[in-house]
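Remarks on the structure that follows.
The values are calculated or read from the model by the stated rules, or taken from the named source; none is laboratory data. Predicted model, so just to flag it, every value in this text is computed and none were measured. Counting neighbours? That spans all protein chains shown, and the Cβs are built from the backbone with ideal geometry, glycine included. Ligands, DNA and RNA are stripped out before the accessible areas are found, and what is left, the full protein with its side chains, is counted by its heavy atoms. Shrake-Rupley method; radii C 1.70, N 1.55, O 1.52, S 1.80 Å.
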Amino acid sequence: VWKQGEMSLLPAMTPLVSSASGDCWVQSAVVSGQGVVFAAVNGVLHRNTGSVDATYTSPALVGSRPVIAGGKVLVGSGSGIMSGDVGGSALSALWTSSSTATPWWVKSRIIAAVGRDLHELTLAGGNLDTHTALWTHPSPTWTWAAVCEAPGAILAAGRDGGYGAIYRFALESSGGSTPVLGAAVQVASFPPGEEVYAMDVYL
């Protein structure tokens, strides 16, 4: 549809898998030069190339948007964060937790939400139950919805009781090593009734 002076149909789409609950999360990626869609549906992670659909075995049901961290695919579960190779067939526990965790990959680090806590994590793995949170939202009913990067900062958005807000964590110099994240600063507050459910970076 983007050729000047021409009009054409978009490519036809076919169902990958039906969702029993109606919930599914998808993430596009390029694996070995080929376009791939990772989809978490019915507790299972799929890798689809358009002609081949492969599934990952996992010690726990997955239930978050898959994220790509270099050669790894990460996905949240009720037991923490699962990890596997982008071209692999199995997931294993990377960060264990007694609560549901949702990961994002931004600025070469994992930012994970567990309840109202945000954690800054590495690909080394560990135990989220004993990990110190980067920041805890003051409201006990706060839900983190999205994390993305911005110039010199990480943005985290969420909602609570009909309200939405975005917080900024600035990257601060740490003497030549990987920059550390500063304190949370609220940079946007939405009117009553406007809740944040998604956020992403463009350009």
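Are any of the residues in the range 97-106 among the small types (Gly, Ala, Ser), in a loop (DSSP other than H, G, I, E, B) and buried (at least 19 other Cβ atoms within 10 Å of the Cβ)?
yes
For the subset of the range 189-200 comprising residues that are open to solvent by 30 Å² or more (accessible area, probe 1.4 Å) and within 21 Å of the chain's Cα centre (by Cα), which member is farthest from THR143 (Cα to Cα)?
For the range 189-200, the residue satisfying everything is ASP200.
What residue, among those in the range 145-165 that are open to solvent by 60 Å² or more (accessible area, probe 1.4 Å) and in contact (Cβ under 8 Å) with a residue 24 or more places away in the chain, is nearest to the chain's Cα centre (by Cα)?
GLU149
What is the number of the single condition among (1) out of contact with any Ser or Thr (no Cβ under 7 Å at 6 or more places or on another chain); (2) surrounded by fewer than 18 Cβ atoms within 10 Å (Cβ to Cβ); (3) not polar (S, T, N, Q) that TRP142 does not meet?
Exception for TRP142: condition (2).
Condition check: open to solvent by 50 Å² or more (accessible area, probe 1.4 Å) and touching a Phe, Trp or Tyr at 6+ places or on another chain (Cβ under 6 Å). Does ARG168 satisfy that?
no
Could you go through the range 77-97 and let me know if any residue there is of a type in the set (Gly, Ala, Ser) and over 16 Å from LEU45 (Cα atoms).
yes
Please work out which one of (1) open to solvent by 10 Å² or more (accessible area, probe 1.4 Å); (2) more than 21 Å from LEU155 (Cβ to Cβ); (3) within 13 Å of the chain's Cα centre (by Cα) is the condition SER92 fails and give its number.
All conditions pass for SER92, except number (3).
When both residues are 6+ apart or on different chains and their Cβ atoms are under 9 Å apart, which pairs have a first residue that lies in the range 110-123 and is under 17 Å from SER77 (Cβ atoms) and open to solvent by less than 40 Å² (accessible area, probe 1.4 Å), and a second that is of a type in the set (S, T, N, Q) and in a strand (DSSP E or B)?
Hits for this filter: ALA112/THR102; ALA113/THR102; ALA113/THR143; VAL114/THR102.
Which residue pairs have Cβ atoms under 7 Å apart, sit 6 or more places apart or on different chains, and have a first residue in the range 1-26 that is in contact (Cβ under 8 Å) with a residue 60 or more places away in the chain and a second that is open to solvent by less than 80 Å² (accessible area, probe 1.4 Å) and in a loop (DSSP other than H, G, I, E, B)?
Correct list of pairs: empty, since none qualify.
Counting only residues that are under 30 Å from VAL44 (Cα atoms), among the aliphatic types (A, V, I, L, M) and loosely packed, with under 10 Cβ neighbours inside 10 Å, how many does the range 1-23 have?
Total meeting the criteria: 4.
Considering only residues that are over 20 Å from VAL147 (Cα atoms) and open to solvent by 80 Å² or more (accessible area, probe 1.4 Å), which ones fall in the range 24-66?
VAL30, SER32, GLN34, SER51, VAL52, THR57, PRO59, LEU61
For the range 58-96, enumerate the residues that are assigned to a strand (DSSP E or B) and closer than 21 Å to SER32 by Cα.
VAL67, ILE68, ALA69, LYS72, VAL73, LEU74, VAL75, SER83, GLY84, ASP85, ALA90, listed by residue number.
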